[in-house]
Amino acid sequence: MTISAVPTNTPPALAVRNLSKTFTLHTQGGVRIEAFNNLNLEAHYGKCLVLHGPSGAGKSTLLRSMYANYKPCSGSIVVQHGKEVVDIATATPREILAIRRDTIGYVSQFLRVIPRVSTLDIVAERCLSMGEDKALAEEKAVALLRRLRIPERLWRIAPATFSGGEQQRVNIARGFIRSYPVLLLDEPTASLDATNRQTVIELIQEAKANGCAVVGIFHDEAVRHAVADTLFQVQSGTTNAA
Amino acid sequence: MSTVSSQYPTTMEPMNTSTEQPLLQVENVAHYYGSRVGCAKVSFSLWPGEVLAIVGESGSGKSTLLNIISGRLALSEGSITYRDAAGQPYDIANLPEGAKRRLLRTEWGFVHQHPRDGLRMAVSAGGNIGERLMACGERHYGTIRNAGKEWLHRVEIPENRLDDTPASYSGGMQQRLQIARNLVSSPRLVFMDEPTGGLDVSVQAKLLDLLRHLVRNLGLAVVLVTHDLAVARLLADRMLVMHQGAVVEAGLADQVLDDPHHPYTQLLVSSILQG
């Protein structure tokens, strides 16, 4: 593990400032659960920041907040979106949609299955939504599916019936088909075998070499070793940077 | 060079600003059924190409809201502004009936929960699709018939059913025909009231996938009323949660569903059965 000093000359791709998140469960007697409190971190272009900590420490909550999937209670998440600097915590839904289209990519642990849509179309979709040519998008999708060892006979089938590992690889192909300035990864290697895990490591390293700022959660120590530049310890309640 | 650069901005600018304006602006609207509140204090903006879902249990005011903003029910309070393709604003509450009807058959579409409310059951499928084109000024029989064929194909109905009446169609086919009838005139804004409501699950999935495709490819703006949160997640960019006539939570669809804040939204989300 190499822990690099935070570079100060370039502005961060994404910066989290004084971020706090507490869940209030109204249906369960108003129980309040603190995910994290007053948290600060920066993600830089071409580097990989790994969120680290025990299960339930709030890593996924933090990552989901960066994608505006969760709403933090206070603090800011500032991202460089094109020429603008936008605070995700207070941006309008319309701005968030634009940020998700152009700036931040997200690969979750699970593939949310869309009925009837073929694997190839699911993977190609994000290129098409950018207005890319259909043939070119499919070519890229095919290359990635091949690289991630999804058998060709499955490409035209909707992934609902695929195994867990196959679904996850489809999900990874979907996230890596185009380059985002910021890429958020929530345990992308959780149910993969060693060969496919190695492919994902290579994909992450290529994204970094392309200047992408990667923020990820990796429980697998080998993966963490291979891709991490900075380790950020997330602990429920108190948090500090490594 | 200097003439070109001085010419272009003036011709480009009106176009840019019109795409940067919301298509529909709803401000503080309310409708009262006598002393009973149908819905109240609802405000939102809808932008071109955006899909907004209005969710909530039955009786929460979803359909009342949809009927107000589509000009089908009178406003008790507030204002609704629609901007057409040229950027021209329309005050929906005070629009003359003729202008309202013209909007409804050209720039707008309305997909009813029950297809028989939106179709002419005694007229052929081709006639149902063609009627809207004729209302938009199309007169050439061949063009109308070809558009009918093309749209049957797009909503996955066999072409040889073009001359059959919708009465002979299954429920799922009727609903797809209603969608074709609405989309044939290339509307910019479509209102949908529980479009998958009365259909069985397999037909629902097919229709949802079809809607998702059409909405993406045509860049439609949609206001969708549904009590089915899975439908909202699949189709919508944004969501309004209604409870007892008021909007209790609003935001990105996935954010509202994954991190609900209001007690009612939490109850709604926690009631989804895990497949």
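Bear in mind these aren't lab numbers, they're just calculated from the coordinates by the rules spelled out. Given the structure is predicted, the values throughout are model-derived calculations rather than measurements. For neighbour counting, all protein chains shown are included, and Cβ atoms are generated from backbone atoms with ideal geometry for every residue, glycine included.
So for region A:113-179, considering every pair of alpha-carbon atoms, how many percent are separated by more than 19 Å?
Details: 452 of 2211 pairs.
Distances greater than 19 Å cover 20 percent of the Cα pairs.
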| request: In whole angstrom, note down how far apart the Cα centers of region A:68-105 and region A:175-237 are. | output: 21
| Of the cross-linked pairs B:149/B:206; A:47/A:71; A:21/B:62, which ones have a Cα-Cα span greater than 23 Å in the structure shown? | A:47/A:71; A:21/B:62
| request: Between residue B:267 and residue B:200, take the C-beta separation as r, use R0 = 30 Å, and let me know the FRET efficiency to the nearest 0.05. | output: 0.65
| note | chain A: spread of alpha-carbon positions along the three principal axes, whole Å, largest first, is 49, 47, 36
| How much net charge surrounds residue B:194 when only other residues with a Cβ under 10 Å from its Cβ are counted (Lys, Arg +1; Asp, Glu -1)? | -1
| How big is the Kirkwood radius of chain B, worked out from every pair of different alpha carbons and given in Å to one decimal? | 19.9
| remark: Scoring region A:113-179 by relative contact order with C-alpha pairs under 8 Å, at least six apart, yields a percentage of 49
| Net lengthening on full extension, residue B:79/residue B:123 (0.36 nm per residue, minus Cα-Cα) | 12.1 nm
| message | So, R0 is 22 Å and r is the distance between the beta-carbons of residue A:83 and residue A:132; what FRET efficiency does that work out to, to 0.05? | response | 0.50
| message | Between residue A:156 and residue B:114, what's the calculated FRET efficiency when r is the beta-carbon distance and R0 is 35 Å? Round to 0.05. | response | 0.50
| query | In region A:53-95, which trypsin sites (Lys or Arg not before Pro) are in a loop and have at most 10 other Cβ atoms within 10 Å, using DSSP for the loop call? | reply | A:83
| request: Using the Kirkwood radius over Cα pairs, work out the Stokes-Einstein diffusion coefficient for region B:182-244 at 20 °C and 1.002 mPa s, in µm²/s as a whole number. | output: 172
| said: Ignoring everything except DSSP H segments at least 4 long, calculate the 222 nm mean residue ellipticity for the protein assembly as shown; use -39,500 (n - 2.57) per segment, divide by total residues, nearest 500. | reply: -11500 deg cm²/dmol
| note | Net charge near residue B:122 (other residues with Cβ under 14 Å of its Cβ; Lys, Arg +1; Asp, Glu -1) is -1
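Fully extended, how many nm does the chain gain between residue A:225 and residue A:95 (0.36 nm per residue separation, minus their Cα-Cα distance)?
Gain in length upon complete extension: 43.3 nm.
How big is the equivalent ellipsoid of the protein assembly as shown along its three axes, where each semi-axis is √(5λ) from the Cα gyration tensor, reported in whole Å from largest to smallest?
Over the Cα atoms of the protein assembly as shown, the semi-axes work out to 42, 28, 24 Å.
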| query | Using +1 on the beta carbon of Lys and Arg, -1 on that of Asp and Glu, and nothing else charged, what's the dipole of region A:113-179 about the Cα centre, debye to 20? | reply | 200
| Cα lying deepest toward the dipole's positive end in region A:113-179, options A:144, A:119, A:165, charges on Cβ | A:165
| query | Once the other residues with Cβ under 14 Å from the Cβ of residue B:74 are scored (Lys, Arg +1; Asp, Glu -1), what is the net sum? | reply | -1
